[in-house]
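Have a look at the structure below, then the notes.
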Amino acid sequence: ALGRLQLRLMDGRNQRRRANATIIMKGLLGAGVTGPARVDAGGLGTWNAFPVRVRDGAAFQRYLLLRGIDTRSDYMSILAFEEEWKRHGDVVYLPNHPGMDAGDALRVVEAVVSAVKAGFSVKAGY
């Protein structure tokens, strides 16, 4: 029964995630963040995670947390990519969930823009 309820809610929740991701991507592009996350042609991402790469992920996470943005660095651990991630920066996952609204997504963008202005080098995506 619980699974059926979740399935009924899934489309709406995914639409909210996509709307949040659009706001975040546009905001990051406008801030000069390179390499925006993307969905392959014909695909429709659910955006249950919004990764960015940063040279010092722990410092970036602290910076955002002081601005009210909670992030994760442990959403996925794929050993095959670990060495590549270390060469290009730590992966930090920005919040994006169906409980967020457009204002929340804009606050995420504002915090990342502030971090970029403070000297963090941020690249969207893996």
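With each label modelled as a point 7 angstrom along the Cα→C-beta vector, the LEU29-ARG8 pair spans 3.7 nm. Under 5 Å between amide hydrogens, built in the peptide plane, is the criterion, and for LEU94 it picks out PHE50, VAL52 among residues at least 5 positions away or on other chains.
Place a label point 7 angstrom from the Cα of ARG67 along the Cα-to-Cβ direction, then list the residues of the stretch 99-119 whose backbone nitrogen is under 18 Å away. Under cut-off, by backbone N: 101-119.
Taken together, the values in this text are just the output of simple stated rules run on the coordinates, not laboratory data. Please read these numbers as outputs of a predicted model, since none were measured by experiment. Glycine gets a Cβ as well: all are built from the backbone with ideal geometry, and neighbour counts include every protein chain shown.
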